[in-house]
Amino acid sequence: MTGFFDTSIEYLKGVGPQRAAMLNKELQIFTYGDLIQHYPFRYEDRTKFYTIKELNEDMPFVQIKGVLKGKELVGAGFKKRLVGYFADDSGEMELVWFQGINWINDKLKPGAAYVAFGKPARFGNFFSIAHPEVEPLTVSNENGGFLHPVYPLSEKLRTRKIDSKTLSRIMQQLLTLAENRIRETLPVSIQKANHLIPKKEALLNIHFPKSHELLAQARQRLKFEELFYVQLRLLKMKLIRQEKMRGQVFQDATLLTKFYHEHLPFPLTNAQKKVIKEIYADLKSGQQMNRLLQGDVGSGKTIVGFICMLVAVSSGAQCALMAPTEILAQQHYKGLQRYADKMSIPLALLTGSTKKAERKKIHEALQSGELKILIGTHALLEEEVQFRNLGLSIVDEQHRFGVAQRSKLWQKNESVYPHVLVMTATPIPRTLAMTLYGDLDISVIDELPAGRKPIKTIHKFDAHRLQVNQFLRDQVEAGRQVYIVYPLIEESEKLDLKHLMDGYESVSRAFPDYAVSILHGKMKPEAKDYEMKRFASGETKMMVATTVIEVGVDVPNASVMVIENAERFGLSQLHQLRGRVGRGAEQSYCILMTDVKLSADSKVRLQTMVKTNNGFDIAETDLKLRGPGDLMGTQQSGVLDLLIADLGKDGPLLQTAREEAIKLLKDDPELEKPEHSVVKTQIESRRPSAMNWSRIS
Ligand code: ADP
Ligand code: MG
């Protein structure tokens, strides 16, 4: 069914096939509906006039009413310019043009009154505006105009003479046509409770605000609506899942009890106990679990994962644990092997480098059901990997996996989907989590194991290298180990490797008496493993590495992390790297090395790192600095393509929108009540969007 808002923009006056094609291509605007939702990103304030006397150079744009006293062409060649002498009752100023001089010269009539608009600049005692917009003073503009919309456009559109003015003329036309067809999309009760203006008024005022106040209300209304529908959709998916997706019931806790009594290596933190309870409740509920487990680096997620596996295994099911890198998979394997052996639970490691014969053995043991726990990389997703009864899939460090990959793991048991636990050390700010994982249940480990000393973070300039080296030497002499991380800087792998090798050489030169390990992504798995082992056993004291060590690697004796060119890392990544130390009982340090020249953003990042160890605070700052798309990587940004709301800034509004959505679904899960028909229509009318995948995380 097509309606008015599905009409192609081609049919608007002033558009036509050619411009329509440009707008399709450059801005993905196809229909009236797309166009009306192409919101301005800022406004030129034409509501108010300034007098020349009031001007100062900090004003962004000003509008002035005056008379053109005279004009002249000054200079020659390159420097030729047109100067207009412009005056009002308070003083005089200049209007200057360097380009399109002839055309403007023709239009400007000395003695006539004009409205000029532009950015004032100061030259000695007087002000001037370069390339102002000028319009003759008329009855329609003499009392001040409106807030003029400025639309997001591409360079290409501008070269084809489609500028903000053109677009706003087209928009004006569309709004006239559309005005009486704009449907209300929020129930009256929700509008009232949240002081929201009607949809129609919001759309008219977002494009052509009648006042600052109405503009603010329009923005609020449209943001709310956008967030509300994102949340409603996610919550609806969750409801459907809860109703339709059966999960295996795991209530046999024999192995868990045995592990608690006989083999628990350390007392669990209260936070660990709390999340285990939450997960256990899911596992025995009969509904399929889809849970995100968030916990800062070092908070002890691995053992939580293992304990949940025990519940599944007790009840006769198999478990999979998928990690993003081979190193991390190996580390999980070794770590869990200790516990599994004590409990006599068969487990295996499957990665890209598992030998063929071993692979075959694993495949068979999986199908017979004899193998209970399989740990590995994305190799787990291969077709040949078939379980007899996969009951629990755990995905570690989830943000490194694509969505499609995760869903494959889900489908490894087609009769009953396995329970899914996604573990992440990237603390996702609440606002983002509510959107990215709004349909998942979330558990948080918000406490580090006792006895950990907070890591001390220090920022040093490259000029202090000798001092830093002396510090490293002291630490190594005291029995500690050190990581030195180099960023990936260049586009080319070769150059990056060269950087790392140069770093390795200078470290080796500065510490000729210590053995230094090196680790990077291009090494063969055996070589990596060899270096990791040498470092983990303490044979080497220093490890020079790229960010391959970012996830998972666990060497409790390593207590110093030096990050070279720290300004080149994102905040979350810095925090993640820092998490590699601070795992033992000793005081740990993170030293951020940079050049003295730093951008404003880099300074904020470094200051934040020095100031706090709290992953959630860091994630919030990161979100503000970078915006949500970047934060999560491009593969996930689709879900965050919001038209007007900003997850970095609209947290409280999102919270309210979510609460309203929850209230609505509680009251009327099928949206059957007449007063909710607007919601039902809106949900059904929307095109299927990128949102759908979040279901499978
Ligand atoms: P992450 O959450 O970053 O994956 P890990 O599971 O790797 O953290 O745990 C970090 C370290 O803390 C490991 O050496 C682990 O054995 C240890 N650990 C986990 N839980 C506790 C606890 N309750 N008490 C003491 N140490 C713990
Ligand atoms: Mg981990």
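The values are calculated or read from the model by the stated rules, or taken from the named source; none is laboratory data. Note that this is a predicted model, so its numbers are computed, not measured. Glycine also receives a Cβ, built like all others from the backbone with ideal geometry; neighbour counts cover every protein chain displayed.
Of the residues LEU204, LEU256, which is free of Cβ contacts under 8 Å to residues at least 40 places away in the same chain and more than 16 Å from ligand 2 (Cβ to nearest atom)? Residue meeting the stated conditions: LEU204.
The condition of being touching a residue at least 40 places away in the same chain (Cβ under 8 Å) and in the same structural domain as ASN389 (by TED's automatic domain parsing) holds for LYS301.
To keep it simple, each residue is scored yes or no on (1) β-branched (Val, Ile, Thr); (2) in contact with a strand residue (DSSP E or B) (Cβ under 7 Å, 6 or more places away or on another chain); (3) touching a residue at least 12 places away in the same chain (Cβ under 8 Å).
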residue	(1), (2), (3)
ILE445	yes, yes, yes
PRO449	no, no, yes
ARG452	no, no, yes
ILE455	yes, yes, yes
LEU466	no, no, no
ILE484	yes, yes, yes
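Suppose we keep only residues that are farther than 11 Å from VAL420 by Cα and acidic (Asp, Glu) within region 272-301. Which one would you say is surrounded by the most Cβ atoms within 10 Å (Cβ to Cβ)? If we take residues in region 272-301 being farther than 11 Å from VAL420 by Cα and acidic (Asp, Glu), then ASP296 is surrounded by the most Cβ atoms within 10 Å (Cβ to Cβ). Checking each residue in region 1-41 for being touching a residue at least 60 places away in the same chain (Cβ under 8 Å) and among the aromatic types (Phe, Trp, Tyr) picks out PHE4, PHE5, TYR32, TYR39, PHE41. Just one of the listed residues (LYS277, LYS361) is more than 30 Å from ARG580 (Cβ to Cβ) and either at pLDDT 95 or above or within 16 Å of ligand 1 (Cβ to nearest atom) (or both), namely LYS361.
Inside region 148-199, residues that are in contact with a Gly (Cβ under 7 Å, 6 or more places away or on another chain) and β-branched (Val, Ile, Thr) make up a count of 1.
Which one of these does VAL304 not meet: (1) surrounded by 22 or more Cβ atoms within 10 Å (Cβ to Cβ); (2) away from ligand 2 (no atom under 16 Å from the Cβ)? Unmet for VAL304, out of (1) surrounded by 22 or more Cβ atoms within 10 Å (Cβ to Cβ); (2) away from ligand 2 (no atom under 16 Å from the Cβ): (2).
Quick grid of which residues meet (1) of a type in the set (A, V, I, L, M, F, W, C); (2) modelled with pLDDT under 90:
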position: ARG509; (1), (2): no, no
position: ASP513; (1), (2): no, no
position: LYS522; (1), (2): no, yes
position: LYS533; (1), (2): no, yes
position: GLY538; (1), (2): no, no
position: MET542; (1), (2): yes, no
position: VAL551; (1), (2): yes, yes
position: VAL562; (1), (2): yes, no
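Among residues of region 263-286 that are touching a residue at least 40 places away in the same chain (Cβ under 8 Å) and under 18 Å from GLY391 (Cα atoms), those with a Cβ under 9 angstrom from a residue that is more than 16 Å from ligand 2 (Cβ to nearest atom) and assigned to a helix (DSSP H, G or I), sequence gap 6+ or separate chain, pair up as ILE279/VAL311; LEU283/VAL311; LEU283/ALA312.
Taking ALA463 as the residue in question, decide whether it is exposed (fewer than 14 other Cβ atoms within 10 Å of the Cβ) and either part of a helix (DSSP H, G or I) or modelled with pLDDT of 85 or more (or both). Considered against the rule, which asks whether it is exposed (fewer than 14 other Cβ atoms within 10 Å of the Cβ) and either part of a helix (DSSP H, G or I) or modelled with pLDDT of 85 or more (or both), ALA463 comes out as yes. Scanning region 307-326 for residues that are surrounded by fewer than 24 Cβ atoms within 10 Å (Cβ to Cβ) and touching a residue at least 60 places away in the same chain (Cβ under 8 Å) yields SER314, SER315, GLY316, PRO324, THR325, GLU326.
The criterion of at least 2 residues that are over 30 Å from LEU623 (Cα atoms) and assigned by TED's automatic domain parsing to the domain that holds ALA463 is met, among strands (runs of 3 or more DSSP E) falling completely within region 497-610, by 516-519, 542-545.
Applying the set (1) surrounded by fewer than 20 Cβ atoms within 10 Å (Cβ to Cβ); (2) among the small types (Gly, Ala, Ser); (3) free of Cβ contacts under 8 Å to residues at least 60 places away in the same chain to GLY376 leaves exactly one unmet item: (1). Among the residues making up region 582-595, a single one is of a type in the set (A, V, I, L, M, F, W, C) and modelled with pLDDT under 90: ALA585.
Taking region 253-284 as the range and being part of a loop (DSSP other than H, G, I, E, B) and of a type in the set (S, T, N, Q) as the test, only THR269 passes. Exactly one residue out of SER315, SER299, SER285 is hydroxyl-bearing (Ser, Thr, Tyr) and within 16 Å of ligand 2 (Cβ to nearest atom): that is SER299. ALA329 meets all of the listed conditions (1) within 16 Å of ligand 2 (Cβ to nearest atom); (2) within 29 Å of GLU383 (Cβ to Cβ); (3) surrounded by fewer than 15 Cβ atoms within 10 Å (Cβ to Cβ) but one, namely (3).
One line per residue, one yes/no per condition, for (1) buried (at least 16 other Cβ atoms within 10 Å of the Cβ); (2) without any contact (Cβ under 8 Å) to a residue 40 or more places away in the chain:
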| residue | (1), (2) |
| --- | --- |
| LYS65 | yes, no |
| GLY70 | no, no |
| PHE98 | no, yes |
| ASN105 | no, yes |
| VAL115 | yes, no |
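For region 380-406, give me the residue count where each residue is at pLDDT 75 or above, of a type outside the set (D, E, K, R) and buried (at least 19 other Cβ atoms within 10 Å of the Cβ). Result for region 380-406: 10.
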